[in-house]
Amino acid sequence: MTKAYKMDIAKSARISFGAKLDKTNPSGIHIGDESYVASGAIIFTHDFARSMHADTYIGKRCFIGANAIVMCGITIGDNVIVGSGSVVTKNIPSNCIAAGNPARVIKENIHTKKFGQLDDI
């Protein structure tokens, strides 16, 4: 695991240069193996309005689309694709595609390859 700012990021994960990882509570960031966070995406680990700090988890082989927002305390399962511009306000189970504002599961029982690319089985 990579421990930049005490964040828990798998060595095989990729974070785009333009992605924003919350440094207010950096030890609350957890990103699994072979996941990819695209440019403009924001991963929060604090909520100023509710005065809370919580861990935010992104599973293995996930893709977090450009300009998506993952709110504080959310868990995203393994093999998940989050659509660009989505706002994730609730936990997302493994093996699905979620999109929208607020993000909703739009497809289930998917499989992903490295960096969350959809695997056409």
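The values are calculated or read from the model by the stated rules, or taken from the named source; none is laboratory data. Note that the structure is predicted; figures quoted are calculated from it, not measured. Note that we place each Cβ from the backbone using ideal geometry, even for glycine, and neighbour counts take in every protein chain shown.
Quick notes on this one:
- Gly85 under 24 Å from Tyr5 (Cα atoms), modelled with pLDDT of 95 or more and in a loop (DSSP other than H, G, I, E, B): no
- Taken over region 38-59, the residue count meeting the criterion of being surrounded by fewer than 21 Cβ atoms within 10 Å (Cβ to Cβ), in contact with a strand residue (DSSP E or B) (Cβ under 9 Å, 6 or more places away or on another chain) and in a loop (DSSP other than H, G, I, E, B) is 4.
- Counting the residues of region 51-60 that are closer than 17 Å to Asn91 by Cβ and either charged (D, E, K, R) or without any contact (Cβ under 8 Å) to a residue 12 or more places away in the chain (or both) gives 2.
- Filtered residues of region 6-37 (kept if aromatic (Phe, Trp, Tyr) and exposed (fewer than 13 other Cβ atoms within 10 Å of the Cβ)): Phe17
- Residue match in region 113-121 (condition: part of a strand (DSSP E or B) and modelled with pLDDT of 95 or more): no
- Of everything in region 1-37 that is in a loop (DSSP other than H, G, I, E, B) and among the hydroxyl-bearing types (Ser, Thr, Tyr), the residue that is nearest to Tyr57 (Cα to Cα) is Ser35.
- Considering (1) modelled with pLDDT of 95 or more; (2) at positive phi, the lone condition that Ser51 does not fulfil carries the number (1).
- Residue check: Ile43 meets all listed conditions (1) out of contact with any Leu (no Cβ under 7 Å at 6 or more places or on another chain); (2) free of Cβ contacts under 8 Å to residues at least 60 places away in the same chain but one, namely (1).
- Pairs where the first residue, in region 63-90, is at positive phi and the second is part of a strand (DSSP E or B), C-beta under 6 Å, 6+ apart: Asn79/Thr112
- Matching residues, region 88-112, being assigned to a loop (DSSP other than H, G, I, E, B) and either among the small types (Gly, Ala, Ser) or in contact with a Cys (Cβ under 8 Å, 6 or more places away or on another chain) (or both): Ser94, Gly100, Ala103, Asn109, Ile110
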